[in-house]
């Protein structure tokens, strides 16, 4: 780690970000969600409750689903982050099968919580390729959705898992 | 018999689907305008107080702060509310969270820090938190102009004369006819929050001293523009809607944030973004109206309700955005449910207290009334030992029945008869086996008691207000629909695209829709009251039909053929009998520089109420008082289905937006001492998590209603409206005693059981 610099990988791209309070720098008080949205302009990650309770800001950190609104960017040195923008195949631009399953089942209404739900589902499927319904529900229990797209989401995650086998 | 369509009724992915699953869709907080500042409000810690002094010098001195404004700096003639009563900032604050001062700064953190540097001294006043206490002669007065805290009745947007007192027939005669009479007081007054995931937000920019552009998380840009133009005299307002992260009727008119942004943008000469954070959202944004009824109901021997009398008290906290209008709709919806009742005397009052404002949410007044009214009707049904499904079948509106609607006019129902829907849904649920009688459990297994409940709701607002659209056909075989359709999750843009593609027989990707921008679209009232399907649908269908007619006539003239023998498909006009003869649209137009535009208009009509019936099975732990929902069956008749998945999800939406779960755990918890809402973040505000969703079945009939070309009717807005009352009924049946309090937490249930 260089002094006053934070290095992290986001969707396969490496960033060396300066720490400070000047424009363009990452303030020590800045959350990972803020850095993703405001510095890297990856606005697919949403902030809703800003308390780690709603899952809208979920990203993958070294494969684990984490709420990016409760992590300080300066604590993410050397971490590999994956956001909703990083799920497509970087070469072919083909959608991740999970994203495609959400489209095929219209597993969203307003779509505000959708990126977080997809990232939580992704973390689950990376570890457990054949989750039971109870395991899907448990994995998503930290994700808030108020339009109530839950039943279509269950089906999408199940479909995506079934298609992998 | 339903017609077989190319798109209508088929599940087709939304055009914005890929944007939503890849994070490309742009919501208000994703948008930045060059040189944009961030606005923040300092909010009152007191429920009722006068500002005796305010010093902003330290805040102004903070680096990055561009403006600090107080009540002394705001236009006196910008007033929101119904009737106008809420200034941009006032010397008096009327609830915890009410605005005290405004800051604009170069980033949100500086803006927040600056609000904390403002020194304010308050003269604290006595607050009032209950609507009936607010009516007492010695109660604290919130506004000079509203004597005894009663908001002036009426909603001029809906009716010329206030529709506040429903009087029909002869109430004494009605009670004489009744064999079973019950009366009492019933409340739905815990102010649950609809809580869309995205907080309300706007970006406000002055294009000239009189031209204001507002980017807003609104699903009804023209409605928002219309209301704001009345409240900001002399200002031309343009509202641009973006992807909106949930509204549920609650984020259509983004009023106060626009005021805040507009004064800050004027003071600094720069665009200003105002985003509420989640605590501000929970503390200061509109919650469900408090609702209490002192009522009396009479039911005849045959199960027909013959008289309803009462006083309905409604509490929109310290500010009414549209409450009096919601009350008019509520009175109408009560008549839709009890359409055979000819004798009514139901008066209303709309009362101010020192609580968060109450406003429009799906259910729009009717849900608040019904949640209080159904338990009362249930008691009378119990007295007569009626099966509630049979009572609903006997009383719900049918063609020929009439009602006074929100405009104060008498409307007669046509087309819609829902008896069959009730029967089919009851069958799917297994009602006849599970219903054992009032306060009788369906089953008891050890300490677990199971009960069932049912509720109904219908709303004639499905045909409300005006919609206009135009449809432009070009030489490339593309149809562009000009119509102001927001996207809050209801997929109405998708539905309009399907309807236009069906009329013009175009591939879906050849139908485009303008953004929801009031500058470039004709008027549309917005996506409220389940109106989109009929109203927006009619305007778009008519516009497409008009354009198609002109196109075919032009081709017919070139071909020297009568227009009746021609048809069009996929951008090609052809002779029906001989499809090899014809021409592409470009030939009919004569040049790629020429287009054809068709127009479509829809006018207000309240003759086709929609309908849902909600069956619920719950289980109560008799030792802990914990209740949970085991199974839901919701039935409706949507006419021709436009999109099956989106329709089903609208029914599932009954679990969101402060609907069904207001019977179990959703409420805003008020600290009576400080006047502060204690449940002001989404850790403390209770919501149903993914692992708590019960099996949910739907029964959707497809009568071909004479509404428009595709015979459909909207139902989304009302899906949760009967749910809370149905849950209370099921709990009473499970435990064997009346449960009459929302939400029925374990403490409420144990108290009813005499265990606490």
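Here are some notes:
- Hey, residue B:276 outside the structural domain of residue B:518 (by TED's automatic domain parsing), closer than 14 Å to residue B:373 by Cβ, in contact with a strand residue (DSSP E or B) (Cβ under 7 Å, 6 or more places away or on another chain) and touching a residue at least 60 places away in the same chain (Cβ under 8 Å) or not: no
- Residue check, residue B:528 within 19 Å of the chain's Cα centre (by Cα), modelled with pLDDT under 95 and under 30 Å from residue B:207 (Cβ atoms): yes
- Verdict on residue B:495 being away from every other protein chain (no Cβ under 14 Å) and either at pLDDT 95 or above or within 23 Å of residue B:222 (Cβ to Cβ) (or both): no
- Checking each residue in the stretch B:125-143 for being out of contact with any helix residue (DSSP H, G or I) (no Cβ under 7 Å at 6 or more places or on another chain) and closer than 18 Å to residue B:86 by Cα picks out B:127, B:140, B:143.
- Number of positions in the stretch B:125-158 that are surrounded by 17 or more Cβ atoms within 10 Å (Cβ to Cβ) and outside any loop (DSSP other than H, G, I, E, B): 3
- Residues in the stretch A:84-103 that are facing another protein chain (nearest Cβ under 7 Å) and touching a residue at least 40 places away in the same chain (Cβ under 8 Å): A:84, A:85, A:102.
- Elements of type strands (runs of 3 or more DSSP E) in the stretch B:212-319, at least 3 residues being more than 14 Å from chain A (Cβ to nearest Cβ) and crowded, with 24+ Cβ neighbours inside 10 Å: B:290-299, B:305-315
- Candidates B:717, B:666 - the one that is crowded, with 24+ Cβ neighbours inside 10 Å, closer than 30 Å to residue B:126 by Cα and within 14 Å of chain A (Cβ to nearest Cβ): B:666
- Residue selected from the stretch A:35-52 under the condition crowded, with 21+ Cβ neighbours inside 10 Å and over 20 Å from residue B:19 (Cβ atoms), by the criterion farthest from the other protein chains (Cβ to nearest Cβ): A:35
- Scope the stretch B:25-34; condition part of a loop (DSSP other than H, G, I, E, B) and facing chain A (nearest Cβ under 7 Å); matching residues: B:25
- Which listed residue, of B:310, B:298, B:330, is within 17 Å of residue B:155 (Cβ to Cβ) and either assigned by TED's automatic domain parsing to the domain that holds residue B:385 or out of contact with any strand residue (DSSP E or B) (no Cβ under 7 Å at 6 or more places or on another chain) (or both): B:330
- Residue A:63 being at positive phi, modelled with pLDDT of 95 or more and more than 10 Å from every other protein chain (Cβ to nearest Cβ): yes
- Complete set of residues in the stretch B:408-427 that are loosely packed, with under 15 Cβ neighbours inside 10 Å and under 19 Å from residue B:617 (Cβ atoms): B:427
- When B:678, B:670 are screened for being closer than 25 Å to residue B:354 by Cα, in the same structural domain as residue B:458 (by TED's automatic domain parsing), touching a strand residue (DSSP E or B) at 6+ places or on another chain (Cβ under 8 Å) and touching a residue at least 24 places away in the same chain (Cβ under 8 Å), only B:670 passes.
- If you go through the stretch B:144-194 and keep only what is touching a helix residue (DSSP H, G or I) at 6+ places or on another chain (Cβ under 7 Å) and within 14 Å of chain A (Cβ to nearest Cβ), you end up with B:192, B:193.
- Among the candidates B:110, B:118, B:79, residue that is surrounded by fewer than 19 Cβ atoms within 10 Å (Cβ to Cβ) and either touching a strand residue (DSSP E or B) at 6+ places or on another chain (Cβ under 7 Å) or outside the structural domain of residue B:49 (by TED's automatic domain parsing) (or both): B:79
- Test: residue B:610 is within 13 Å of another protein chain (Cβ to nearest Cβ) and surrounded by 21 or more Cβ atoms within 10 Å (Cβ to Cβ): no
Residues checked against (1) closer than 25 Å to residue B:368 by Cβ; (2) in contact (Cβ under 8 Å) with a residue 60 or more places away in the chain:
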| residue | (1), (2) |
| --- | --- |
| B:606 | yes, yes |
| B:615 | yes, yes |
| B:622 | no, yes |
| B:625 | no, yes |
| B:629 | yes, yes |
| B:634 | yes, yes |
| B:641 | no, yes |
| B:648 | no, no |
| B:653 | yes, yes |
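- In the stretch B:159-209, the residues that are in a loop (DSSP other than H, G, I, E, B), in contact (Cβ under 8 Å) with a residue 40 or more places away in the chain and over 30 Å from the mean Cα position of the chain (by Cα): B:169, B:170, B:178, B:179
- When residue B:682 is tested against (1) in contact with a helix residue (DSSP H, G or I) (Cβ under 8 Å, 6 or more places away or on another chain); (2) within 11 Å of another protein chain (Cβ to nearest Cβ); (3) at pLDDT 95 or above, only condition (3) is not met.
- Matching residues, the stretch A:105-136, being assigned to a helix (DSSP H, G or I) and facing chain B (nearest Cβ under 7 Å): A:114, A:115, A:118
- On the stretch given as the stretch B:673-684, residues that are more than 19 Å from residue A:142 (Cβ to Cβ) and surrounded by fewer than 16 Cβ atoms within 10 Å (Cβ to Cβ) total 3.
- Residue list for the stretch B:594-629, restricted to those being over 30 Å from residue B:550 (Cα atoms) and not in a strand (DSSP E or B): B:606, B:607, B:608, B:609, B:610, B:611, B:622, B:623, B:624, B:625, B:626
- Reported count of residues in the stretch B:685-704, each being more than 14 Å from chain A (Cβ to nearest Cβ) and either within 28 Å of residue B:277 (Cβ to Cβ) or surrounded by fewer than 21 Cβ atoms within 10 Å (Cβ to Cβ) (or both), is 5.
- Spans of strands (runs of 3 or more DSSP E) in the stretch B:48-119 with at least 1 residues modelled with pLDDT of 95 or more, under 30 Å from the mean Cα position of the chain (by Cα) and within 25 Å of residue B:323 (Cα to Cα): B:99-105
The values are calculated or read from the model by the stated rules, or taken from the named source; none is laboratory data. Please read these numbers as outputs of a predicted model, since none were measured by experiment. Positions of Cβ are backbone-derived with ideal geometry, glycine not excepted, and every protein chain shown enters the neighbour counts.
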